[in-house]
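The values are calculated or read from the model by the stated rules, or taken from the named source; none is laboratory data. On a predicted model such as this, the values are computed, not experimentally measured, just so you know. Backbone-built Cβ (ideal geometry, glycine too); neighbour counts: all protein chains shown. Ligands, DNA and RNA are excluded from the accessible area calculation, which covers all protein heavy atoms including side chains. Shrake-Rupley method; radii C 1.70, N 1.55, O 1.52, S 1.80 Å.
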Amino acid sequence: MKLLTIVGARPQFIKAAPFSEKFRKVNEEILIHTGQHYDKNMSNIFFEELNIPKPDYQLSIGSGSHGTQTGAMLTEIEKVILKENPDGILVYGDTNSTLAGALAASKLHIPVFHVEAGLRSYNKLMPEEQNRVLTDHISTLLLCPTKTAVENLKSEGLVENVINTGDIMYDVVLRNIDFAETKYNSGAFISELISENLVFDLEVGEKFYLSTIHRAENTDAPNKIIEILQALESLDYKVILPIHPRTRKIINELSMELKNVLLINPVGYLMMLYLTKNAEMVITDSGGLQKEAYFLETPCTTLRDQTEWIETLENGWNVLSSINQNEIIKHVKRDLNCYKHPQPKHFGDGNAAENIANAILEWRA
Ligand code: UD1
Ligand code: UDP
């Protein structure tokens, strides 16, 4: 089978790693990188660390408004599909690269396989919610990470070719956590972060929180960023904040003096796993990071009003916080009763890549 896979943004590179390895053992995969993310530490670093095959096509679309970016991707992906004539297209998640890939294939009557189908925040203002709903409804095979995702699709009338494969990000965590722990133990993570950032001030053994912020709803309004940063500034431990470039731009314009928040460049996946596992808590608006915190049994405070990953809320492992300084501090300082509750296996058993590959091959047979 000839499969055309589309990636473009950081979390998609990470999800592609185990699937590409599995699928290429017996089948042909052509990889398209749309170029939605292009900085070295938003793109190349993941290909190198996770041994992801070099893209066959680099579309170099870059940044832009939603319409400009998605439209440019649609045009270029269509050209590749016409040239390669694949048996199917694989798309991951809910970015503009996902929607462009699904739409280009669907219009050409090429089957679309959607990994991470069925997630919903039920907030239609989110660009990701628009992307995932539209992608699901033009997909041929809906590959869901959880039972909740299957149920969400059912309530929209999507019941055929829906499969619960487990969560592919769980595969990646299980494969890499031991190596990450060994690589960055005994303060090695501090030396690396010092060498790569102008200022990084943390002692070996010092407790810390880990935070990321990049969601449009938080970054498009400076007052929200200020509220979040003020909360992080007043916490009891330092906050390591690998900053997404869109958020970096806004923070630079605010010229706020930060003492407790250690702003650093985006880090690689292994460093991120190490930090997530060893943080006192994760404070984030990322989708993927909420789950990684859960997999690694680190409590999380999510800086959003909804989450697609509602399983993580059970027993308080993850808690949603509105964007208000006092609310954020209250949630971070909550009693951590979650440690008394073992986590059920909501996300599969770490074999999602294989389940996805099998589902695609069986669908075609
Ligand atoms: C995108 C996805 C989001 C996902 C996130 C992962 C959409 C609509 N959103 O959001 O679902 O959670 O990726 O990180 O697809 N930029 C750079 N260098 C880069 C990449 C981006 O400087 O390598 C800056 C540009 O100013 C760009 C801005 O970041 O305009 C936003 O990038 P974009 O890819 O449009 O959206 P993300 O916020 O990254
Ligand atoms: N991540 C990373 N380095 C960073 C920040 C995040 O490797 O500096 C990883 C993180 O561990 C997770 C993924 O990127 O695997 C999540 O991506 P992001 O938060 O950008 O997108 P989302 O999951 O919200 O779509």
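Of all the accessible heavy-atom surface of the chain, with the other protein chains kept in place and a 1.4 Å probe, what percent is carbon and sulfur? Before the final figure, lay out each step's value.
Numbers: 7570 of 15380 Å².
Carbon and sulfur atoms account for 49 percent of the accessible area of the chain.
Given contacts defined as C-alpha pairs under 8 Å and at least six residues apart, what's the relative contact order of the chain, whole-number percent?
16 percent
Can you tell me, using C-alpha contacts under 8 Å and at least 6 residues apart, the relative contact order of the range 111-262 as a whole percent?
So the answer I get is 16 percent.
Can you list the HN-Hα couplings for the range 65-77, worked out from phi with the Karplus curve (6.51, -1.76, 1.60; θ = phi - 60°), rounded to whole Hz and with x for Gly and Pro?
Residue by residue, the range 65-77 yields 5, 4, x, 4, 5, 5, x, 5, 5, 4, 4, 6, 5 Hz.
Nearest 20 debye, what's the magnitude of the dipole of the range 177-283 about its Cα centre given +1 on Lys and Arg Cβ and -1 on Asp and Glu Cβ?
260 debye
Quick query: amide H of Val319 versus all other amide H atoms, modeled in the peptide plane; which residues come in under 5 Å with a sequence gap of 5 or more or a different chain?
Cys300, Thr301, Thr302
Once phi is turned into θ = phi - 60°, what whole-Hz ³J(HN,Hα) does the Karplus curve with 6.51, -1.76 and 1.60 give for every residue of the range 15-32, x standing for Gly and Pro?
Computed from phi, the couplings for the range 15-32 are 5, 5, 3, x, 5, 4, 4, 5, 5, 6, 5, 10, 9, 8, 10, 10, 9, 10 Hz.
With +1 assigned to the C-beta of every Lys and Arg and -1 to the C-beta of every Asp and Glu, and no other charges, what is the dipole magnitude of the chain about the Cα centre in debye, to the nearest 20?
300 debye
Note down the magnitude of the dipole of the range 224-365 about its Cα centre, charges +1 on Lys and Arg C-beta and -1 on Asp and Glu C-beta and zero elsewhere, to the nearest 20 debye.
Using only the charged Cβ atoms, the result is roughly 280 debye.
Once the convex hull of the C-alpha atoms of the range 38-183 is built, how many Å³ does it hold per residue, rounded to a whole number? Don't skip to the end; give the middle numbers.
Numbers: hull volume 19.6 nm³, N = 146.
For the range 38-183, the hull spanned by Cα atoms encloses 134 Å³ per residue.
Report the normalised scattering of the range 118-245 as log10 I(q)/I(0) at q = 0.13, 0.15, 0.18 Å⁻¹, calculated by the Debye formula with identical scatterers on the alpha carbons.
The Debye formula, applied to the Cα set alone, gives -0.84, -0.98, -1.07.
Hey, rough spin-label estimate for Lys83 and His109, points 7 angstrom out along Cα→Cβ, what's it come to in nanometres?
Reported label-point gap for Lys83 and His109 is 2.4 nm.
Kindly state, as a whole number, the per residue volume in cubic angstrom of the convex hull around the alpha carbon atoms of the chain. Don't skip to the end; give the middle numbers.
Working: hull volume 47.0 nm³, N = 365.
Roughly 129 Å³ of hull volume per residue.
Put Tyr294, Tyr38 in order of accessible area, largest first, 1.4 Å probe: what do you get?
Ranked from most to least accessible, the order is Tyr38, Tyr294.
Return the subset of Lys207/Lys277; Lys2/Lys79; Lys54/Lys79; Lys249/Lys330 for which the Cα-Cα distance in this structure is over 22 Å, preserving the input order. Walk me through the intermediate numbers first.
Numbers: Lys207/Lys277 12 Å; Lys2/Lys79 16 Å; Lys54/Lys79 19 Å; Lys249/Lys330 28 Å.
Table pairs above 22 Å Cα-Cα are Lys249/Lys330.
Once the other residues with Cβ under 12 Å from the Cβ of Lys333 are scored (Lys, Arg +1; Asp, Glu -1), what is the net sum?
-2
Quickly rank 101-111, 51-61 as a protection proxy: mean count of other C-beta atoms within 10 Å, highest first.
Highest mean packing first, the order is 101-111, 51-61.
Given a 1.4 Å probe and the protein chains all in place, what does the accessible area of Lys25 round to, in Å² to the nearest 10?
Spelled out: Lys25, probe radius 1.4 Å, area about 140 Å².
Give me the 1.4 Å probe accessible area per residue for the chain, excluding ligands and nucleic acids, in Å².
The answer is 42 Å² per residue.
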